[in-house]
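Take a look at the structure set out below.
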Amino acid sequence: MRRASGYVDGLISGATWALVGVVLARQSARVSGHPALATPLVIAAAHDSAAALFLVVRSSVTGALPRVLGLVTSQSALTVVACSLLGGPVFMGGYVAAVILAGPSYALTATATYPVFGALLALRLLHQRLNRVAWLGVAAAGLGAALTAFDASSSVDSTRTLVGVAIALAAAAGVALEGIVATRVMAQIDPDTAMAVRELFSAMLFIVALLAVPKGVTTAMTVVLTLDLYLPIVVAGFIGGYSFAVWYHSIRKIGVARAMALNITYAMWGTFFAWAFQHSRTSLLAVTGCVIVTIGATLTIMSDERPARRTLQ
């Protein structure tokens, strides 16, 4: 039962993250007339702030708040700040910008390549070898991304869409690098606690970013004071926080590789939700690219799985 619930949690984490993408896309489309740099930062900041609130409250309910406060004041806090920078302004800000420019389906498909970037970065920075299955996964994900980019180039606003896909790929590389940093330094930290602090620091970094970019504060005030615009983003943030939490439950039950393989199904969930809720038209080539990216990323993730050795009794 524990193993079965782990698979369910993994699928739920993917579905909920896809739902977040669709909601953010819908609300981002309503923020018009503001600077291109400020808008995605404001949307991402509102999301991560709500996710941080959800995770901190959850930590309070589960009795983990002392661990959260302890991590904030520990020597490892700087490492968490680095992860927050990569996973917050770099990934989440880039992801929202990609959603605005290319739409949720393209953005979700492109960011689903992050396990492949992670494997390539591990090869370079951690000197980990990739076996044949992993390289097959890398090649498949590359093909899927190329098909997605080719389909994007044939869209009505091809330049805007291609820029969005490129930003999504850069965001995927950023969150993959976050995983490398976390792997090297945060191995001994409870993942739930680390995620709560990571989101908390991410919200703070977004505030600094909004103070630095032109009209960042003005755009933020406009969004916050427009309740029918702001509240759905907050709800998306709560869903995003839940997605993070349930993903870690899946990791505990079935392991990182299987949990991540289920989580990245958000690319296919996102395509379905965009079609179901926003009536977005998705071409066969885009769907094919999405499926191939998901298969390639899954092969890359699962390539490191080793069969359990039999022990003599």
Answer from Leu147, Leu130, Leu136, Leu143 - the residue that is touching a residue at least 40 places away in the same chain (Cβ under 8 Å), hydrophobic (A, V, I, L, M, F, W, C), under 21 Å from Thr298 (Cβ atoms) and assigned to a loop (DSSP other than H, G, I, E, B): Leu130
Boolean, Val138 is modelled with pLDDT of 90 or more, over 26 Å from Gln188 (Cβ atoms) and of a type in the set (Val, Ile, Thr): no
Unmet criterion (only one of (1) closer than 18 Å to Ala18 by Cβ; (2) under 22 Å from the mean Cα position of the chain (by Cα)) for Ala257: (1)
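Conditions (1) within 17 Å of the chain's Cα centre (by Cα); (2) farther than 24 Å from Thr111 by Cα; (3) surrounded by fewer than 17 Cβ atoms within 10 Å (Cβ to Cβ), marked per residue:
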residue	(1), (2), (3)
Arg30	no, no, yes
Gly33	no, yes, yes
Ser84	yes, no, no
Val90	yes, no, no
Gly94	yes, no, no
Within region 104-127, considering residues that are part of a loop (DSSP other than H, G, I, E, B) and modelled with pLDDT of 85 or more, the one surrounded by the most Cβ atoms within 10 Å (Cβ to Cβ): Ala112
Selection count, region 281-290, where residues are surrounded by fewer than 16 Cβ atoms within 10 Å (Cβ to Cβ) and either in a loop (DSSP other than H, G, I, E, B) or at pLDDT 85 or above (or both): 3
Region 73-82, subset modelled with pLDDT under 90 and either farther than 15 Å from Asp190 by Cβ or in contact with a Leu (Cβ under 6 Å, 6 or more places away or on another chain) (or both), residue surrounded by the most Cβ atoms within 10 Å (Cβ to Cβ): Leu78
Pairs with Cβ under 7 Å, 6+ apart, first in region 42-71 and within 14 Å of Ser84 (Cα to Cα), second outside any helix (DSSP H, G or I) and among the aliphatic types (A, V, I, L, M): Leu71/Ile189
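The values are calculated or read from the model by the stated rules, or taken from the named source; none is laboratory data. Quantities reported herein were computed from a predicted structural model and do not represent experimental measurements. Don't worry about glycine lacking a Cβ; one is built from the backbone with ideal geometry, like all the others, and counts go over all protein chains shown.
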